[in-house]
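First comes the structure, then the notes that go with it.
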Amino acid sequence: MRGPARGPGGTARRPVPGTGGPGRAGTGRAPGRLWWPLLVLPLLLAGCTDPATTIAEGSYRNAVALGAGRALADQGVHLTKRLRCVTTSPDDWRTVHTVCTGRATDGRSVRVEGLAERADTATPSERYAISVDGTVLVLTNGL
């Protein structure tokens, strides 16, 4: 009776699943190891966007939400939590429209509407209107 196959130095080689025999590199593959990239790769490619744009957009929304919260606090209006903002752009982020919504601690609705022009430059022009229950409380050129 023969013992297990031996590799260099006399160590036993274990069978590689899916190859039908002792470990022989390149003679087969273990089932279920190579199919997952075929499923994951298209999903990753479908969600690809420019990472710099994604980070800049998120930072901008965050800055608007925090700035509007400070402007409201200066007017005596306090928020239950940070405003939720959505940005859109019709022209590849040269012009950015921002809308933020939330609630004041007294239950009133809060809305911020903003427009940034020349947003892709070092000197953008920004305008914001901050409303509480439909009444504009703050008009500003920057937050």
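The values are calculated or read from the model by the stated rules, or taken from the named source; none is laboratory data. This one's a predicted model, so the numbers in the text were calculated from it and none came from an experiment. Counting neighbours? That spans all protein chains shown, and the Cβs are built from the backbone with ideal geometry, glycine included.
Starting from region 65-90, take each residue that is farther than 11 Å from Leu137 by Cβ and list its partners that are among the acidic types (Asp, Glu) and part of a helix (DSSP H, G or I), counting only C-beta distances under 9 angstrom and pairs at least six apart or across chains.
From region 65-90, the pairs are Thr87/Glu57; Ser89/Glu57.
If the requirement is being at pLDDT 90 or above and surrounded by 11 or more Cβ atoms within 10 Å (Cβ to Cβ), which of these qualifies: Val86, Val96?
Every option except Val96 fails the conditions.
Scan region 114-129 and give yes if some residue there is surrounded by 13 or more Cβ atoms within 10 Å (Cβ to Cβ) and among the β-branched types (Val, Ile, Thr), otherwise no.
no
In region 93-125, how many are of a type outside the set (Val, Ile, Thr), under 24 Å from the mean Cα position of the chain (by Cα) and farther than 17 Å from Ala73 by Cβ?
Final tally of qualifying residues: 13.
Among the residues of region 78-112, write down those that are over 15 Å from Glu57 (Cα atoms) and assigned to a strand (DSSP E or B). It would help to see each step written out before you state the result.
Pass one, region 78-112, residues over 15 Å from Glu57 (Cα atoms): 78-83, 101-112.
Listed by number, the residues that qualify are Leu79, Thr101, Gly102, Arg103, Ala104, Ser109, Val110, Arg111, Val112.
Looking at (1) farther than 19 Å from Ala73 by Cβ; (2) within 27 Å of the chain's Cα centre (by Cα), which one does Gly134 not meet, given that it meets all the others?
Only one criterion in (1) farther than 19 Å from Ala73 by Cβ; (2) within 27 Å of the chain's Cα centre (by Cα) is unmet by Gly134, namely (2).
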